[in-house]
Amino acid sequence: DYLTGFRKRKLERKKKAREAAEARLAEEIKAIKTKYKEAARARLAGIKMPDFGDADLDTVCSREEQIIGDHSVIFEQIDISNSHYFVGKN
C-alpha cells in the first residue's frame, strides 16, 4: 500500500499536468483564431469597393421585356466598356 501511494500521486501529477497543457493549448488556439479574425476584419475594412450606381449604367444597348405568368421581367444589356468596371475583352 505504501508503494501504491507513490504511484497514485505520480499518476495524479501526470493527469494534472496533461490537463494544464491541454488548457494552455486550447487558449493558444483561441488566441490565434481571434488574432486571425481581427486581421481579416482589418483587411476587409481597408478594401474600398467602387460605387456601382445608376449613373454608370446610362448606356443601355438593348431592352427586352418578357411576361411569364403573372410576372413581367425586363432584360437590359448594358455597355460598360467606357467605365472603370470594364476589365477587358474575353
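See the values below:
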| item | result |
| --- | --- |
| Condition met for residue 18 (surrounded by fewer than 10 Cβ atoms within 10 Å (Cβ to Cβ) and at pLDDT 90 or above) | no |
| Among the residues listed as 44, 25, 11, the single one being loosely packed, with under 10 Cβ neighbours inside 10 Å, among the hydrophobic types (A, V, I, L, M, F, W, C) and part of a helix (DSSP H, G or I) | 44 |
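The values are calculated or read from the model by the stated rules, or taken from the named source; none is laboratory data. Note that the coordinates shown come from a computational prediction; the quantities given were computed from them, not determined experimentally. FYI the Cβ positions are ideal-geometry reconstructions off the backbone, even for glycines, and counts take in every protein chain you see.
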